[in-house]
Structure formats: structure tokens, C-alpha cells
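Visitor: Before I ask anything, here is the structure I am working with.
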Amino acid sequence: MKKFLCVVMALCLMLCATAVLAEEAPALNWEDFEPIMEASGVTGEFVSFDEIAVKIWIPDGMNAAELTQEDIDKGFIGYFAPEDQSASLSVVYVDTEGMTLEEYGETLAAQEGVTGIENGTVNGLPCISYEIPEQSSVSIAFTTEAGYVLEVTCWPVGDENANVLWGAVTASIQPE
């Protein structure tokens, strides 16, 4: 447990240093997280999403749910949760009719309950992250050339272990 807490602290320090030193938006890169995840013994695998030519690292124990037609109609292209449903990771791809990342951020800012909206980059991809504290969730959104928004939402946040795991998931989002 002490080793894991050391890894968590190192990860947090690394993320804080990146955010403070960056003159522009904070940047996350999978190559920075990969050794930390290996050292902590946390395992997972990359899952590809053909609709968007993106892959995301999914921790072991997060099982893919079978999507219903209603889920698909809402834009879900992936949903993962452990057997006890104590956490979830959703991947949504929504047609925003060509909305830019800046416009999407303005739309988020107008929604009640959305906080912590921040621009950044993940593996070179411009994005916006935000929180919905009432739902204990954090999301990261990217716009695509096709005029869609790819949004990855993780729940719950706040617990140190969960935050490390979700940080790794977020840092893993990259073109395939």
C-alpha cells in the first residue's frame, strides 16, 4: 500500500508540475503515465474505437457493457464498469454540427453544475476537461474533423486511487 501511495504522490506532483510550468494549456502524455502504471502494478489494455480511430487504455476489471440501440442513439460508443457498478467509464461520440472546441466550452460553461472547465492537450490533441461535482464525475472532450465531439467521462472522482486510474485513462487517449 505504501508503494502505491508513493506512486500516487509522484503522479500528482508530476501533473501539478506540468500544469504550473506550462505557458499554454496543461498537457498530458501517455508516455509519462505508462511507467507509473507499470510500477504500481495496475494493468489494463488499449481498446480501439473504430468510429473515431482512437484508442483508450481501459483498466482491468472495467468490463465492456453491451450497448442498447437507445445508448447508441445517444452517441455512446463504449461503456465500461466493474461487476459491482461502483465506477464507470463512458465514451460518447456526438454530432455537434461542426462546433469548435471553444464553442463547446462555452456551451458547457452555460450548463448548471459544470465546473472546472479547462483547456489542455492529451497526446497532442486539443481538449477541454470539466467536472460535474454533484455527479462526482470528470469528463474530457475533443472535437473531430467530422464535426463531432468525443467525450470520455469517468465516475467517481475524489478518491486517490480513482483519480490515479482516471488520470491514466485520460492520458491514454490517442489516435490509433
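Visitor: Quick check on segment 34-55. Is at least one of its residues modelled with pLDDT under 80, over 19 Å from the mean Cα position of the chain (by Cα), more than 25 Å from residue 128 (Cβ to Cβ) and surrounded by 12 or more Cβ atoms within 10 Å (Cβ to Cβ)?
Guide: no
Visitor: Answer with yes or no whether residue 129 is crowded, with 18+ Cβ neighbours inside 10 Å, of a type in the set (S, T, N, Q) and touching a strand residue (DSSP E or B) at 6+ places or on another chain (Cβ under 6 Å).
Guide: yes
Visitor: Let me ask another. Can you report the number of residues in segment 28-61 which are more than 27 Å from residue 148 (Cα to Cα) and not acidic (Asp, Glu)?
Guide: Summing the residues that are more than 27 Å from residue 148 (Cα to Cα) and not acidic (Asp, Glu) in segment 28-61 gives 11.
Visitor: Just give me the residues in segment 115-126 being surrounded by fewer than 19 Cβ atoms within 10 Å (Cβ to Cβ), in a strand (DSSP E or B) and small (Gly, Ala, Ser), in sequence order.
Guide: 116
Visitor: Considering only segment 149-169, state which residues are at pLDDT 90 or above, over 20 Å from residue 109 (Cβ atoms) and of a type outside the set (A, V, I, L, M).
Guide: Hits for segment 149-169 are 154, 155, 156.
Visitor: Next question. Quick one: is residue 145 more than 24 Å from residue 175 (Cα to Cα), out of contact with any Cys (no Cβ under 6 Å at 6 or more places or on another chain) and not in a strand (DSSP E or B)?
Guide: In short, no.
Visitor: On the given criteria, is residue 97 out of contact with any Asp or Glu (no Cβ under 6 Å at 6 or more places or on another chain), assigned to a strand (DSSP E or B) and surrounded by fewer than 16 Cβ atoms within 10 Å (Cβ to Cβ)?
Guide: When the stated conditions are applied, residue 97 does not pass them.
Visitor: Please go through segment 128-155 and pick out each residue that is more than 20 Å from residue 79 (Cβ to Cβ) and not small (Gly, Ala, Ser).
Guide: Residues satisfying the conditions are 128, 133, 134, 143, 145.
Visitor: Can I ask one more? Just one of (1) of a type in the set (D, E, K, R); (2) surrounded by 17 or more Cβ atoms within 10 Å (Cβ to Cβ); (3) outside any strand (DSSP E or B) trips up residue 134, so point out which.
Guide: It is condition (2) that residue 134 fails.
For every residue, the table says whether it meets (1) of a type outside the set (Ser, Thr, Tyr); (2) more than 23 Å from residue 56 (Cα to Cα); (3) within 17 Å of the chain's Cα centre (by Cα); (4) not in a strand (DSSP E or B).
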| residue | (1), (2), (3), (4) |
| --- | --- |
| 90 | no, no, yes, no |
| 104 | no, no, yes, yes |
| 112 | yes, yes, no, yes |
| 138 | yes, no, yes, no |
| 154 | yes, no, yes, no |
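Visitor: Considering each of 170, 153 in turn, give the residue that is crowded, with 21+ Cβ neighbours inside 10 Å, polar (S, T, N, Q) and under 22 Å from residue 45 (Cα atoms).
Guide: 170 is the lone residue from the list that is crowded, with 21+ Cβ neighbours inside 10 Å, polar (S, T, N, Q) and under 22 Å from residue 45 (Cα atoms).
The values are calculated or read from the model by the stated rules, or taken from the named source; none is laboratory data. Since the model is a prediction, treat every value here as computed from it, not as a measurement. Every residue, glycine among them, receives a Cβ derived from its backbone with ideal geometry; neighbour counts consider all protein chains shown.
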